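Remarks on the structure that follows.
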Amino acid sequence: MPRKSKARPKPARVRSGTTARPLARSAARLAGRSAARPLAGTVTLRVNGLAQVFEVGRDLETSTTLAWLLRERLGLTGLKMSCGEGACGACTVLLDGKPVFSCMTLAVEAAGHEVETIEGVSEDDPVVQAFAGQCEPGYGTAVQCGFCTPGYVMAARGLLAENPRPTLEEVKEGLSGHVCRCGCYAGIAQAVLHASEKRGGRGGAR
């Protein structure tokens, strides 16, 4: 009796969602960087304006993520870790002024680049002030438990540096890779629009 052929499993479908676009953008940024990955020796990068030097094999490995390096080696715990796979945005930092998911970025790929975390942002920054002051009826607060706030602030600063006068839809698109488990999305978007007004349409981070 001839054997029944087993049906080949269908390839898994990749669901397109809000997190897919920022991940694709982060991957494109990584691919476009000119700094070569050092396999030995030292890694030098500037973090919040200060030069930091790390030895490969002692301070980090070539597989070490930027998130781990910033939190565990430099103690910058304002950077939050949640999913570890680029699906929530909590670990967002600015790399040469552009928002990236630090859990998806290798530390060695940041060599020779400028890194900014929430610790490097001043209290009078327009985005920080807008998030802290947001409480309009109909929109609510932009900060509840606060866990996602550092990532949102850094992403918003990167967005406004590139697009000083975004529309509401552009704000939603720019922050689409971020998750707020408290559901403060309306307040967060409103805070970013107010931050744009506070900045007076100026590009670049203050």
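Every residue, every condition in (1) more than 28 Å from T44 (Cα to Cα); (2) of a type in the set (S, T, Y); (3) surrounded by 24 or more Cβ atoms within 10 Å (Cβ to Cβ), yes or no:
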{"site": "G86", "(1), (2), (3)": "no, no, no"}
{"site": "A90", "(1), (2), (3)": "no, no, yes"}
{"site": "G97", "(1), (2), (3)": "no, no, no"}
{"site": "F101", "(1), (2), (3)": "no, no, yes"}
{"site": "A132", "(1), (2), (3)": "yes, no, no"}
{"site": "M154", "(1), (2), (3)": "no, no, yes"}
{"site": "R165", "(1), (2), (3)": "yes, no, no"}
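Restricted to region 41-57, and to residues there that are modelled with pLDDT of 95 or more and part of a loop (DSSP other than H, G, I, E, B), the residue that is surrounded by the most Cβ atoms within 10 Å (Cβ to Cβ) is N48.
Matching residues to (1) at pLDDT 95 or above; (2) under 18 Å from V47 (Cα atoms); (3) among the β-branched types (V, I, T):
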position: L106; (1), (2), (3): yes, yes, no
position: V115; (1), (2), (3): yes, yes, yes
position: T149; (1), (2), (3): yes, no, yes
position: C184; (1), (2), (3): yes, no, no
position: G187; (1), (2), (3): yes, no, no
position: Q190; (1), (2), (3): yes, no, no
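Residue check: is A67 in a helix (DSSP H, G or I), without any contact (Cβ under 8 Å) to a residue 60 or more places away in the chain and small (G, A, S)? Talk me through it step by step, then tell me what you get.
Working: in a helix (DSSP H, G or I): yes; without any contact (Cβ under 8 Å) to a residue 60 or more places away in the chain: yes; small (G, A, S): yes.
Yes.
Can you go through G187, G151 and tell me which one is in a helix (DSSP H, G or I), farther than 22 Å from E116 by Cβ, touching a residue at least 12 places away in the same chain (Cβ under 8 Å) and not polar (S, T, N, Q)? On inspection, the qualifying residue turns out to be G187. Considering only residues in region 129-163 that are within 23 Å of G200 (Cβ to Cβ) and of a type in the set (G, A, S), the one that is nearest to the chain's Cα centre (by Cα) turns out to be A155. Sub-7 Å Cβ pairs linking a first residue in region 120-132 that is outside any helix (DSSP H, G or I) to a second residue that is of a type in the set (D, E, K, R) and modelled with pLDDT under 95, at least 6 apart or interchain, are D125/R206, ordered by first then second residue.
The values are calculated or read from the model by the stated rules, or taken from the named source; none is laboratory data. These numbers come from a predicted model, not from an experiment. Cβ coordinates were reconstructed from backbone atoms using ideal geometry, including for glycine residues, and neighbour counts include every protein chain displayed.
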